[in-house]
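All remarks here apply to the structure that follows.
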Amino acid sequence: MSSPSYIDPLNGKLYPLDIPRWCSDEGKPLLITPLPGISRDDIDRGTRSLWRYRAALPVEIRQPITMGEGYTPAVEKAWDDLRPHFKLEWFNPTASFKDRGTTVMLSFLRQLGVDAVLEDSSGNGGASVSAYGAAGGMRVRILAPATASPMKVAQMHAFGAEVQLVEGPREESEAEAIRQSKLIFYSSHNWQPFFLQGTKSLAYEIWEDFGFTAPDNVIMPVGAGSSLLGCYIGFKELLAAGQIARLPRLFAAQPLNCSPVDASFAAGVDTPVDRAVRKTIAEGTAIKHPLRLKQMIAALKESGGGTVAIPEDGIVAALKRLAQTGLFVEPTSATAAAALDVLKARGAIRPAERTVVIISGTGIKAAGLITELLGAG
């Protein structure tokens, strides 16, 4: 097998990994060429973090920036006659799954000599890059929409990041970041392929959680798609390595008020489809024009999964129901739990199957909003 490279999935053009890069020469998002995967014998069992799967990475990271991310619990709960396992990603250092991607992305970039990074984020991604930048001695600038959660912006400031609030829709923060990328390296969790190399650890970890087998279904909240594509990449590698017999069905849960992936999947296309966009309480997935839409649709189809669009009242109901089981989650995560009922009603998931629900972040970051939604005093 040839050495791993960046690849433009649209035209197959390759780029070396030893030169810092976040997009193709044509300004398109890149991936890493397919990797062979690992077996259970390759796991570093002495490491209690996602770095136990470091053998699955495309390059050796000699000095990772790590704070014990990954290795999160998968808690089984009753959900009517279903028994899903909720993967509690708020146990990561900055309380969201984004730490999986950030630890690998920034560790790799620092190894190449990058000492200052730029990120655009509505919240969790910016908090994660700020934290790991601080831990790794890197200067961090975050561009966040002016409407970003104050709790998440406070996290960014606390870690010493330079935070610039950008007026206008979420997409304007990304546009401004691209304009500034000539001055500081753009380490976008949406654009930089090594972020997906970190989030693919979700698949490896779920595989280990289930006794080195694949579950039947994995449901996750989806905006830009880093958890979906990470799971797809990881499970594909495990399939290639002969460690699982089949891919689990991957399901993307989105708020109906901002559901471009669901709109395209329902229409049977991998291009954008016109659907009204309105404000949603699931701000973490409020991405109107996801960069990797084509790749997400392909992953959903190949896995035999699908999409679900949840109305706002359905998100609130799931949020309350989760809290009553002891799980305090942010509205974005509640979207994935709400999808359980829809998918069961469709016959897409069944009680006898093993289903994982990714809980991407904690309700503490949206405590004010949740207090309003649930009427708590």
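Could you please let me know if GLY168 is outside any strand (DSSP E or B) and modelled with pLDDT of 95 or more?
Values: outside any strand (DSSP E or B): yes; modelled with pLDDT of 95 or more: no.
Judged against the criteria, GLY168 is not a match.
Of the residues in the stretch 115-130, at least one is closer than 15 Å to SER227 by Cβ, of a type outside the set (A, V, I, L, M, F, W, C) and modelled with pLDDT of 95 or more.
Based on this model, can you work out whether MET156 counts as touching a helix residue (DSSP H, G or I) at 6+ places or on another chain (Cβ under 6 Å), crowded, with 24+ Cβ neighbours inside 10 Å and either on the phi > 0 side of the Ramachandran plot or outside any helix (DSSP H, G or I) (or both)? Walk me through it before giving the result.
Values: touching a helix residue (DSSP H, G or I) at 6+ places or on another chain (Cβ under 6 Å): yes; crowded, with 24+ Cβ neighbours inside 10 Å: yes; either on the phi > 0 side of the Ramachandran plot or outside any helix (DSSP H, G or I) (or both): no.
Taking the combined requirement at face value, the residue does not satisfy it.
Just give me the residues in the stretch 83-106 being hydrophobic (A, V, I, L, M, F, W, C) and more than 15 Å from ILE359 (Cβ to Cβ), in sequence order.
Residues of the stretch 83-106 hydrophobic (A, V, I, L, M, F, W, C): 86, 88, 90-91, 95, 97, 104-106.
If the condition is that a residue be hydrophobic (A, V, I, L, M, F, W, C) and more than 15 Å from ILE359 (Cβ to Cβ), then VAL104, MET105, LEU106 are the ones that fit.
In the stretch 65-84, the residues that are within 14 Å of ALA338 (Cα to Cα) form Cβ pairs under 9 Å with partners that are of a type in the set (Gly, Ala, Ser) and crowded, with 17+ Cβ neighbours inside 10 Å, at six or more places apart or across chains, as follows: TRP79/ALA337; PRO84/ALA337.
Of all residues in the stretch 250-279, exactly one satisfies the criterion of being touching a Cys at 6+ places or on another chain (Cβ under 7 Å) and in contact (Cβ under 8 Å) with a residue 40 or more places away in the chain, namely LEU250.
Somewhere in the stretch 212-223, is a residue part of a helix (DSSP H, G or I) and more than 24 Å from ASN124 (Cβ to Cβ)? First the steps, then the outcome.
Looking only at the stretch 212-223, we keep the residues that are part of a helix (DSSP H, G or I), and these are none.
No, because not a single residue in the stretch 212-223 is part of a helix (DSSP H, G or I) and more than 24 Å from ASN124 (Cβ to Cβ).
Assuming THR103 fulfils every condition listed in (1) surrounded by fewer than 17 Cβ atoms within 10 Å (Cβ to Cβ); (2) out of contact with any strand residue (DSSP E or B) (no Cβ under 9 Å at 6 or more places or on another chain) apart from one, which condition is it? Of everything listed in (1) surrounded by fewer than 17 Cβ atoms within 10 Å (Cβ to Cβ); (2) out of contact with any strand residue (DSSP E or B) (no Cβ under 9 Å at 6 or more places or on another chain), THR103 misses just condition (1). Looking at the structure I just gave you, is TRP90 in the same structural domain as LEU327 (by the TED database) and assigned to a helix (DSSP H, G or I)? Judged against the criteria, TRP90 is a match. Look through ILE297, ILE358, ILE364, ILE370 and report the one residue that is loosely packed, with under 15 Cβ neighbours inside 10 Å and either at pLDDT below 95 or within 18 Å of the chain's Cα centre (by Cα) (or both). The unique qualifying residue is ILE364. Residue pairs whose Cβ atoms lie under 8 Å apart, sitting 6 or more positions apart in sequence or on different chains, and linking a residue in the stretch 29-48 that is farther than 25 Å from SER187 by Cα and touching a residue at least 24 places away in the same chain (Cβ under 8 Å) to a partner that is in a loop (DSSP other than H, G, I, E, B) and among the hydroxyl-bearing types (Ser, Thr, Tyr), do not occur here.
The values are calculated or read from the model by the stated rules, or taken from the named source; none is laboratory data. Computed from a prediction, not measured in an experiment: that's the story for all the values here. Please note: Cβ atoms are built from the backbone with ideal geometry, for glycine as well, and neighbour counts cover all protein chains shown.
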